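These notes are about the structure you will find just below.
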Amino acid sequence: MPDYTVTTTRYNTLDTDNLTTLQSYILAEEAEHEGASGEFSWILSGISLAGRAIANKVRRARINDVIGDFGDHNVHGETQQKLDIIANEIIMRCLGDRADIGVLASEEGETPTILRSRSDGGQYCVCFDPLDGSSNIDVSVGVGTIFSILRNDLEEVETAEGLILQPGRRQVAAGYILYGSSVVFVLTTGNGVDMFVLDQSLGTFVQVASKITMPHEKKIYSVNEAYIDNFPVGYQQYLNWAHANGYSARYIGSMVADIHRTLLKGGVFLYPPTGKHAKGKLRLMYEANPMGFIMEQAGGSALAGTQRILDIEPDALHQRCSVVMGSSREVEHVRRFLEENGDH
Ligand code: AHM
Ligand code: MG
């Protein structure tokens with residue numbers, strides 16, 4: 001075979017290898033913003049490092065015997081899993097020394113940690129759920145880390161908590177890392193949604209999709225339907241309507257995995273108010289807001305009842321809200337039933 005054929009084959013191989021890493025993507029994004037200091041990229045690279053470290057822990061959970069309860073409860077009264085604590089510590093360590101972070105707030109901590117004041121360079125606040133859906137690890141179901149980044153620019157705020165109590169529309173970036181059959185990093189900086197997958201051989205996230213647009217409609221709903229008797233009437237009527245209109249149900253019970261499927265395949269994810277959680281179970285600051293930002297950036301919608309999630313003015317770090325998010329037409333169907341029944 002002539003040499004040129006071999007050469008061409010080699011080039012083809014290189015062409016199909018994906019070499020745009022998360023790091024190079026972030027630097028390129030930042031270069032487009034005039035006056036960017038590089039510290040924002042440094043924060044995202046800290047999250048990427050934490051994600052890779054947590055992925056290792058999740059993968060080895062049973063081997064390392066870190067399955068199961070830690071024997072304590074978090075601020076929500078929920079049983080903490082050993083890996084919740086480990087993931088939380090990893091993120092605190094990976095982000096704790098990033099010079100531009102002023103405040104870190106975690107699902108696992110009662111109050112935010114102030115690292116440095118704005119005058120000392122702490123320009124950003126990061127809220128995160130270190131390991132969402134962690135009780136699913138025992139059965140090897142996908143779990144994830146969720147994060148939300150806000151500016152630390154509120155004036156005359158007296159408490160640490162006050163610094164991060166900003167509506168979701170003020171997020172400068174948000175994303176999640178899904179520890180599933182592959183490790184997936186989904187990110188928005190307000191300029192669309194991009195997706196990266198951990199290439200184990202390179203030890204880095206490589207880009208696999210850019211500017212994701214989610215399907216406008218798809219007959220899939222994702223909800224814990226076992227609670228239907230306790231849902232407000234609007235949700236019950238929506239589900240009856242969906243049953244009569246050829247919908248399928250998909251529910252993993254791990255928000256990151258359910259949202260990831262909804263992002264890629266379409267449909268609607270719901271966590272309505274229930275008898276146990278009158279305002280819904282999910283947390284606004286580090287679950288609903290970042291996921292809502294991603295949904296909107298991908299062309300979908302995100303509501304709490306009939307209100308846009310990103311417009312909610314928060315009053316507590318750990319406050320809960322109901323969630324209806326996904327494909328815009330599917331969210332609209334739910335909203336119509338809630339509106340008709342006054343379920344705001
Ligand atoms: P967690 O943050 O304590 O892990 O709980 C959040 C999880 C979500 O991942 C998921 O959507 C929801 O809880 C499932 O709740 P339920 O078991 O009530 O359906
Ligand atoms: Mg959670």
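The values are calculated or read from the model by the stated rules, or taken from the named source; none is laboratory data. The model shown is predicted, which means the values in this text are computed figures rather than measured ones. Cβ placement follows ideal geometry from the backbone for every residue including glycine, while neighbour counts extend to all protein chains displayed.
For the reader, a short list of remarks on this structure follows.
- Out of Pro290, Pro314, one residue alone is within 30 Å of Val157 (Cα to Cα), of a type outside the set (A, V, I, L, M, F, W, C) and assigned to a helix (DSSP H, G or I). It is Pro290.
- Test result for Leu284, outside the structural domain of Ser148 (by TED's automatic domain parsing) and away from ligand 2 (no atom under 16 Å from the Cβ): no
- Sub-6 Å Cβ pairs linking a first residue in the range 104-117 that is in the same structural domain as Ile43 (by TED's automatic domain parsing) and within 16 Å of ligand 1 (Cβ to nearest atom) to a second residue that is hydrophobic (A, V, I, L, M, F, W, C) and assigned to a loop (DSSP other than H, G, I, E, B), at least 6 apart or interchain, are Ala105/Leu317; Glu110/Val75, ordered by first then second residue.
- A single member of Asn230, Asn240 is of a type in the set (S, T, N, Q) and within 30 Å of Phe128 (Cβ to Cβ), and it is Asn230.
- For Ser322, the test of being more than 28 Å from Leu104 (Cα to Cα), outside the structural domain of Val143 (by TED's automatic domain parsing) and modelled with pLDDT of 95 or more is failed.
Rundown of residues vs (1) assigned by TED's automatic domain parsing to the domain that holds Glu332; (2) crowded, with 24+ Cβ neighbours inside 10 Å; (3) within 25 Å of Gln319 (Cβ to Cβ), yes/no style:
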| residue | (1), (2), (3) |
| --- | --- |
| Gly175 | no, yes, yes |
| Gly190 | no, no, yes |
| Asp199 | no, no, no |
| Thr204 | no, no, no |
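- Of all residues in the range 137-151, one or more are part of a loop (DSSP other than H, G, I, E, B) and more than 15 Å from ligand 2 (Cβ to nearest atom).
- Residues being closer than 12 Å to Cys125 by Cα and surrounded by fewer than 21 Cβ atoms within 10 Å (Cβ to Cβ) - total across the range 136-154: 3
- Candidate set from the range 265-281 (those that are hydrophobic (A, V, I, L, M, F, W, C) and more than 15 Å from ligand 2 (Cβ to nearest atom)); member that is surrounded by the fewest Cβ atoms within 10 Å (Cβ to Cβ): Ala278
- Long-range neighbours under 6 Å by Cβ, at least six apart or interchain, first residue within 22 Å of Leu264 (Cα to Cα) within the range 322-344, second polar (S, T, N, Q): Gly326/Thr262; Ser328/Ser301; Val331/Ser301; Arg335/Thr306
- Hits in the range 235-249 - residues which are touching a strand residue (DSSP E or B) at 6+ places or on another chain (Cβ under 8 Å) and loosely packed, with under 15 Cβ neighbours inside 10 Å: Ser248, Ala249
- Subset tally (residues that are within 13 Å of the chain's Cα centre (by Cα) and more than 16 Å from ligand 2 (Cβ to nearest atom)) for the range 250-264: 3
- In this structure, Val157 does not satisfy being more than 16 Å from ligand 2 (Cβ to nearest atom) and surrounded by 22 or more Cβ atoms within 10 Å (Cβ to Cβ).
- Cβ pairs under 6 Å, 6+ apart, first in the range 134-155 and more than 18 Å from Asp65 (Cα to Cα), second more than 10 Å from ligand 1 (Cβ to nearest atom) and modelled with pLDDT under 90: Asn152/Arg118
- Where a residue in the range 235-253 is farther than 12 Å from His333 by Cα and away from ligand 1 (no atom under 14 Å from the Cβ) and its partner, wherever it lies, is part of a loop (DSSP other than H, G, I, E, B) and not acidic (Asp, Glu), with Cβ under 6 Å and at least six apart: Gly246/Lys219; Tyr247/Lys219
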